[in-house]
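Visitor: Take a look at this one; I'll ask things after.
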Amino acid sequence: MKNKMKRILAIIVCISFILTFLPINSVSFAKPRYDVWKDKIKIYDADKKIKRAEAEYEGYKYIATFDKDTNEIKLKVKPLNTKKFDKSLDNSSLNEEKNFSVKVEYFDGENLKAKLIDEKTKEEYNIGDSDTVSAQYVIALPWALGLLESLLYAILGAAGIIVVGGATYYLAETLVDKIRNSSYDYFLAYISDDKKLYVGPAVDFSTAKAVVLDGGDIFAKSRNLAELLVREVVFYVSIHGFPQAYYYEHKTPHKDDPNYFPHFHVFFNEIRKRPHIFYPY
């Protein structure tokens with residue numbers, strides 16, 4: 001019996017020694033998959049302004065909300081019933097409702113990187129594509145981490161948005177009327193892997209030109225403004241070493257890409273990406 005106890009104590013000492021010298025963020029978790037949880041999640045419009053996703057799991061209710069006006073995302077986890085825990089463990093926080101604001105850093109419809117910010121303590125926790133989390137993560141967030149992430153997948157997908165470089169982009173088809181009536185002429189555009197077109201923040205003419213010259217995509221307020229931009233880009237490129245630069249227009253979307261809009265292509269270097277300048281129908 002004594003020998004067995006010695007072996008156990010030796011194992012504990014070895015583990016403690018290893019953890020002492022490991023970086024605190026070296027505890028890795030497999031990336032949760034949304035399809036594992038999606039059947040548990042209910043998505044609906046709480047009102048004209050708020051979209052809501054929620055689920056119940058192992059005594060907790062998980063709630064995510066998206067404010068359509070401000071783009072704010074909130075996460076809440078609350079116990080359905082007061083639980084009894086081992087008194088030797090400090091689990092009093094498990095009976096408390098937790099509220100988080102969410103800062104989405106990247107979401108392309110499939111890959112997610114975000115931070116949860118505890119509204120009470122202001123502590124931040126990585127979620128999504130982060131390969132590692134801190135050792136305190138498991139203690140501070142003792143719930144189903146995969147479900148928390150899946151709620152974000154669900155609420156962002158239902159809202160029809162992606163987040164690139166910290167900027168929010170909306171499905172182009174949902175913004176056409178607003179773009180036509182906007183006081184801005186140009187907007188950043190993004191084509192997702194599943195060939196959907198998203199429109200992001202407004203930019204001025206100089207920025208739009210720089211984006212296209214760098215191979216990026218733009219959505220213009222009208223066909224005339226789109227052609228003005230593309231002509232300027234081609235002219236600029238043609239006098240800076242690429243006299244073969246030219247453009248042409250797709251008057252209708254590509255047949256295999258039904259979510260595209262009419263657009264111009266710019267060709268000024270075979271090696272570089274061929275940018276698009278979209279405009280409304």
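Visitor: Step through the residues of the stretch 67-74 one at a time and calculate ³J(HN,Hα) from phi using the Karplus curve (6.51 cos²θ - 1.76 cosθ + 1.60, θ = phi - 60°), rounding each to whole Hz and writing x for Gly and Pro.
Guide: With coefficients 6.51, -1.76 and 1.60, one gets 8, 5, 7, 10, 6, 6, 10, 10 Hz.
Visitor: While we're on this one: Using the Cβ atoms and a cut-off under 10 Å, what net charge is assigned to the surroundings of residue 190, where Lys and Arg are +1 and Asp and Glu are -1? Write down the numbers at each step before the final one.
Guide: Numbers: positive: 196; negative: 108, 217.
Residues close to residue 190 contribute a combined charge of -1.
Visitor: Shifting gears a bit: What does the charge count around residue 235 come to, taking other residues whose C-beta lies under 15 Å from its C-beta (Lys +1, Arg +1, Asp -1, Glu -1)?
Guide: Numbers: positive: 209, 231; negative: 227, 232.
Combined, the nearby Lys, Arg, Asp and Glu give 0.
Visitor: So what are the ³J(HN,Hα) numbers for the stretch 47-59, from phi and the Karplus equation (6.51, -1.76, 1.60; θ = phi - 60°), rounded to whole Hz, Gly and Pro as x?
Guide: 6, 5, 9, 10, 9, 9, 10, 8, 7, 10, 7, 6, x
Visitor: Work out from phi, with θ = phi - 60° and the Karplus expression 6.51 cos²θ - 1.76 cosθ + 1.60, the ³J(HN,Hα) of each residue of the stretch 185-190, listed in order in whole Hz, and give x for Gly and Pro.
Guide: Taking θ as phi minus 60°, the curve returns 9, 9, 9, 5, 10, 9 Hz for the stretch 185-190.
Visitor: Still on this structure: Would you please give the residues with an amide H less than 5 Å from that of residue 60, counting only those at least 5 places away or on a separate chain, with H modeled from the backbone geometry?
Guide: Residues meeting the criterion, in which the H sits 1.01 Å from N, are 80.
Visitor: When ranked by the protection proxy of mean other Cβ atoms within 10 Å per residue, highest first, what sequence do the peptides 54-60, 176-182 form? Could you put the intermediate results ahead of the total?
Guide: Working: 54-60: 16.0, 176-182: 12.7.
The packing order, highest mean first, is 54-60, 176-182.
Visitor: Determine, for each peptide in 260-266, 118-124, the mean count of other beta carbons within 10 angstrom over its residues, then list the peptides with the highest first.
Guide: Working: 260-266: 20.9, 118-124: 11.4.
Highest mean packing first, the order is 260-266, 118-124.
A short reminder: the numbers here are calculations on the coordinates, not readings from a lab. Computed from a predicted structure; not experimentally measured. In this analysis, Cβ positions are derived from the backbone assuming ideal geometry, glycine residues included, and neighbour counts consider all displayed protein chains.
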